[in-house]
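The structure appears below as structure tokens.
The values are calculated or read from the model by the stated rules, or taken from the named source; none is laboratory data. No experiment lies behind these values; they were computed from the predicted model shown. FYI the Cβ positions are ideal-geometry reconstructions off the backbone, even for glycines, and counts take in every protein chain you see. Remember, those area values only see protein heavy atoms, side chains included, never the ligands or the DNA or RNA. Shrake-Rupley method; radii C 1.70, N 1.55, O 1.52, S 1.80 Å.
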2 protein chains.
Amino acid sequence: MMISAAEIADYYSQLDQIGAVSTAQGKGFSRLAYSASESAAIAFIEQRATAAGLCCHRDAVGNLIVETAGSFSRWVETGSHLDSVVGGGNYDGVAGVVAGLALLTRVQQQHEKLTHGLRLRVWRGEESAAFGTASLGAWAAFGQLKPSTLERCYQGVSLAQAISAEQGNPQYIRQGRATISHDERDAIIAHIELHIEQGSVLEEQSSDIGIVTGIRGSIRNWVRFSGAFDHSGATPMGTTHRKDANLGMAYVMVELDKLVAHFNNQYPEHGQMIVQTFGMINDHADQNQRYPMIYANGVSKVSGFSYFSHEIRCCFSDIAQLFNDQAQQLIEKISRSFKLHVEIEQISLSHGVQGLDEQLQAVMASCCRRQKRSFSYLASGAWHDVAVVCQQQKSDGSRIATGMIFIPCRAGISHSAAEYSSYEQIAVGASLLADVMLCIR
Amino acid sequence: MMISAAEIADYYSQLDQIGAVSTAQGKGFSRLAYSASESAAIAFIEQRATAAGLCCHRDAVGNLIVETAGSFSRWVETGSHLDSVVGGGNYDGVAGVVAGLALLTRVQQQHEKLTHGLRLRVWRGEESAAFGTASLGAWAAFGQLKPSTLERCYQGVSLAQAISAEQGNPQYIRQGRATISHDERDAIIAHIELHIEQGSVLEEQSSDIGIVTGIRGSIRNWVRFSGAFDHSGATPMGTTHRKDANLGMAYVMVELDKLVAHFNNQYPEHGQMIVQTFGMINDHADQNQRYPMIYANGVSKVSGFSYFSHEIRCCFSDIAQLFNDQAQQLIEKISRSFKLHVEIEQISLSHGVQGLDEQLQAVMASCCRRQKRSFSYLASGAWHDVAVVCQQQKSDGSRIATGMIFIPCRAGISHSAAEYSSYEQIAVGASLLADVMLCIR
């Protein structure tokens, strides 16, 4: 089954009108979680699905469910979201919903003989931009959204009020009640999300498709160095005389960069097991307020205080922790050699998702070969709704089999009006997703 | 001739009362250039010198000149200053003035038979803290203080007004007229300043005396890197995918640190030819205002913009420039390998003083041996009044022979209330200075 770019373009001609805003980077979209514009986008999908003969309903927290008509005891699902950050693009999430609707529409209209039903879940509120938590609709559907989240406000409106305003029922969340029953959960053969990559690996490798191997979690630390402020002209070079916080930090960063390369070499089958980033150096407003000695640094002084943010991302939380431990030992060792006092403070910890189904990945790869699509295996750096589904148990104790398909996006740009994937790229992804959803048993 | 700690303590018992202020580090001194408290300190020295039978006069710009009584055709001078930064110590400059007064007093009182006169110059306004230029009095005495400096203001008072208020005549500066005549200049055999080290080399090497080989100048640059802000989770490691400004900068700093070590190894006779400092990274208020993209850095983003201050200090301005050129080539090479755009902007340039007289240094060394004082050769990182004298030509085209003696100060701390040298240490320096001043021919 080949979905065409024209079919994708048809949906986009309408979706491009919903929640559009102008930004410095051009036309963008502000379709916040549980906003009227998110509801309008969901209503459009529902209307087109109904017109195509598909069956639609909303769950109690406002997620839309679209199904092929007929009676099925087992289901293969796809799902993604229509909400965006403020001034974001119209592909993050949207591409997956449009692909799902396109393929279910074709299956419905071609009267394919199905061994299992196909289902599209349009989750609400995947972005954390408004209420500070990602995947609101997905967590709520499984009864796992923290009730306290309901009290969070965006522009003076609480999440509870926003859900009510968009015809949802916050009581389900308050009581931790799932909208997806145990029977429904047990009947899911697999759940596969299609999404834009939000990175540039596929573009650089000229791959049509990314088969996602896991979703990276993160460990984030502040690493702070205390040395001694000294006269830069009168204090000789070298650690006999200087306790140079800036210089010691530079050595730490370079050695950590070498450590991650060495570490990743131990896991060649994973490509890059760990990604590591030093996003901020001495320039974080809150840190500078907490540690005003940063302002004692000067052009003609040996630096007495410095810090950087150390982020470690990995699909495997035990391996992330192992690397974090090795990194801390290295940081402490180098700090000692520079006579610096070092302090490491954890900012946040989120566990990676390593449960994406390997059999599903094998099916994706064989479908790519059949469709003559080039593909790469890669980990997802960003969080996605499928990471919620992946953590759900069935009655027999097994997990729902989950998978994720990436399509390229231009220059890896996302969460920006400059975000872009072509209709052709989305159609290629939709065609592959259709093949995978139909051939799974 | 041995000056005793008691003699030094006697002067300090009075000087400790003049311009004292309380600071976070304890009792400090605020004796700004051409302030009433600087004048009070000068008046105290003048009063004690006169009482000891020495001859005193003030020049037109307020410098105090103290001389041994008698008629001499040739003179050996010492000189330093009594002003301080805001909340500074009572040793930076003051130790040299006190040492000079103590030794001239002894010479006068012991009726030493002199082959040449001894002179102490108490320069006004060595610190640039108030009016932004160092060695106001010394430059003015040689007719070389820029007239425009007179318009600079400190706390609403211009330098011209401050000089007038302290019984000086700003007209000399306005007209570029020297207060030291050509004859007076030609009669100077040598000029030697005693000063606290303002570094910790002597303390660490347990040396009583530092023989200064030169005064370092500086080249200061901003080095700015532009890369690309990217998602830290979705963008793989490595320069194929990342243009990481923070990481590239860290490699640059480490390689520059290795370069300076390699460079200095080529000049083993100079100890450390170059000192290099990265005082500020991403944390300079004015730079951040000029380059607000620094605020686009984030903990979970690959860094797209970064900068650091690069300071090179060296006594030899041609060698400083040579190193600066090599450093820039290295910075550009590493930036290219990280796919970063780099921009180097010079902040300031001041030429080092390499003219300190080598014969004088040999005399100092032999006097140290005679007095059984341990000594080290070292370059001065900070600027001093002697650097002005060093640049003055006599009628025959030769330069005034200049020298500089350092004494240790605790932990290298200066420009702080915690600045400290003991009376014993000052007395040891004064005794050596006396020996050197008397034995020069």
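Going by the structure shown, is A:Glu255 assigned by TED's automatic domain parsing to the domain that holds A:Arg370, open to solvent by 10 Å² or more (accessible area, probe 1.4 Å) and farther than 26 Å from A:Gly79 by Cβ? So A:Glu255 does not fit the description; no. A single entry from A:Ala411, A:Ala418, A:Ala365, A:Ala430 fulfils the requirement of being touching a residue at least 12 places away in the same chain (Cβ under 8 Å) and surrounded by 19 or more Cβ atoms within 10 Å (Cβ to Cβ): A:Ala430. Contact list please: Cβ distance under 8 Å, first residue in region B:260-288 and within 7 Å of chain A (Cβ to nearest Cβ) and closer than 20 Å to A:Gly238 by Cβ, second residue open to solvent by 50 Å² or more (accessible area, probe 1.4 Å) and part of a strand (DSSP E or B), pairs at least six apart or on different chains. These pairs meet every condition: B:Thr277/A:Lys301; B:Gly279/A:Lys301.
In the set (1) surrounded by 24 or more Cβ atoms within 10 Å (Cβ to Cβ); (2) in a loop (DSSP other than H, G, I, E, B), the condition left unmet by B:Gly132 is number (1). Check whether at least one residue in region B:200-208 is in contact with a strand residue (DSSP E or B) (Cβ under 8 Å, 6 or more places away or on another chain), within 12 Å of chain A (Cβ to nearest Cβ) and surrounded by fewer than 22 Cβ atoms within 10 Å (Cβ to Cβ), and report yes or no. Taking every residue of region B:200-208 in turn, at least one turns out to be in contact with a strand residue (DSSP E or B) (Cβ under 8 Å, 6 or more places away or on another chain), within 12 Å of chain A (Cβ to nearest Cβ) and surrounded by fewer than 22 Cβ atoms within 10 Å (Cβ to Cβ). Could you say whether any residue in region B:339-348 is in contact (Cβ under 8 Å) with a residue 40 or more places away in the chain, within 14 Å of another protein chain (Cβ to nearest Cβ), more than 29 Å from B:Thr213 (Cβ to Cβ) and not in a loop (DSSP other than H, G, I, E, B)? Among the residues of region B:339-348, at least one is in contact (Cβ under 8 Å) with a residue 40 or more places away in the chain, within 14 Å of another protein chain (Cβ to nearest Cβ), more than 29 Å from B:Thr213 (Cβ to Cβ) and not in a loop (DSSP other than H, G, I, E, B), which makes the answer yes.
Taking region B:58-77 only, how many residues are out of contact with any strand residue (DSSP E or B) (no Cβ under 6 Å at 6 or more places or on another chain) and open to solvent by 40 Å² or more (accessible area, probe 1.4 Å)?
Filtering region B:58-77 down to residues out of contact with any strand residue (DSSP E or B) (no Cβ under 6 Å at 6 or more places or on another chain) leaves B:59-62, B:70-71, B:73.
Now drop any that are not open to solvent by 40 Å² or more (accessible area, probe 1.4 Å), which leaves B:70-71, B:73.
Looking only at that region, the number is 3.
Tell me, please, whether a residue that is within 10 Å of chain B (Cβ to nearest Cβ) and among the acidic types (Asp, Glu) can be found in region A:230-237. Yes; the residues of region A:230-237 include at least one that is within 10 Å of chain B (Cβ to nearest Cβ) and among the acidic types (Asp, Glu).
When region B:289-310 is limited to residues that are of a type in the set (A, V, I, L, M, F, W, C), within 25 Å of B:Ala327 (Cα to Cα) and touching a residue at least 40 places away in the same chain (Cβ under 8 Å), the one that is surrounded by the fewest Cβ atoms within 10 Å (Cβ to Cβ) turns out to be B:Phe305. Only one entry of A:Leu360, A:Leu356 meets the criterion of being in a loop (DSSP other than H, G, I, E, B) and in contact (Cβ under 8 Å) with a residue 12 or more places away in the chain, and that entry is A:Leu356.
When the residues of region A:91-129 are filtered to those that are β-branched (Val, Ile, Thr) and closer than 19 Å to A:Thr402 by Cβ, which remaining residue is surrounded by the fewest Cβ atoms within 10 Å (Cβ to Cβ)? Write out each step before concluding.
Step one: of region A:91-129, the residues β-branched (Val, Ile, Thr) are A:94, A:97-98, A:105, A:107, A:115, A:122.
Applying the additional criterion that residues be closer than 19 Å to A:Thr402 by Cβ yields A:97, A:122.
Working: A:Val97: 26, A:Val122: 29.
For region A:91-129, the residue satisfying everything is A:Val97.
Here is a yes/no grid of residues against (1) under 26 Å from B:Gly227 (Cα atoms); (2) open to solvent by less than 70 Å² (accessible area, probe 1.4 Å):
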| residue | (1), (2) |
| --- | --- |
| B:Gln329 | yes, no |
| B:Lys333 | yes, no |
| B:Arg336 | yes, no |
| B:His341 | yes, no |
| B:Glu345 | yes, yes |
| B:Ser350 | no, yes |
| B:Gly355 | no, yes |
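For region A:9-40, the set of residues classified as touching an Asp or Glu at 6+ places or on another chain (Cβ under 8 Å) and not charged (D, E, K, R) consists of A:Gly19, A:Leu32, A:Ala33, A:Tyr34, A:Ser35, A:Ala36, A:Ser39, listed by residue number. Could you tell me whether region B:44-57 includes any residue that is touching a residue at least 40 places away in the same chain (Cβ under 8 Å), surrounded by 20 or more Cβ atoms within 10 Å (Cβ to Cβ) and touching a Lys or Arg at 6+ places or on another chain (Cβ under 6 Å)? No, there is no match, as no residue in region B:44-57 is touching a residue at least 40 places away in the same chain (Cβ under 8 Å), surrounded by 20 or more Cβ atoms within 10 Å (Cβ to Cβ) and touching a Lys or Arg at 6+ places or on another chain (Cβ under 6 Å).
Confirm whether B:Ile281 is aliphatic (A, V, I, L, M) and surrounded by 24 or more Cβ atoms within 10 Å (Cβ to Cβ).
Details: aliphatic (A, V, I, L, M): yes; surrounded by 24 or more Cβ atoms within 10 Å (Cβ to Cβ): yes.
Taking the combined requirement at face value, the residue satisfies it.
Of all residues in region A:218-269, those being of a type in the set (S, T, N, Q) and under 34 Å from the mean Cα position of the chain (by Cα) number 6. Restricting attention to region A:391-420, the residues that are more than 14 Å from every other protein chain (Cβ to nearest Cβ), modelled with pLDDT of 95 or more and closer than 30 Å to B:Phe229 by Cα add up to 3.
Checking the stated criteria, B:Ala250 turns out not to satisfy the condition of being more than 9 Å from chain A (Cβ to nearest Cβ) and surrounded by 23 or more Cβ atoms within 10 Å (Cβ to Cβ).
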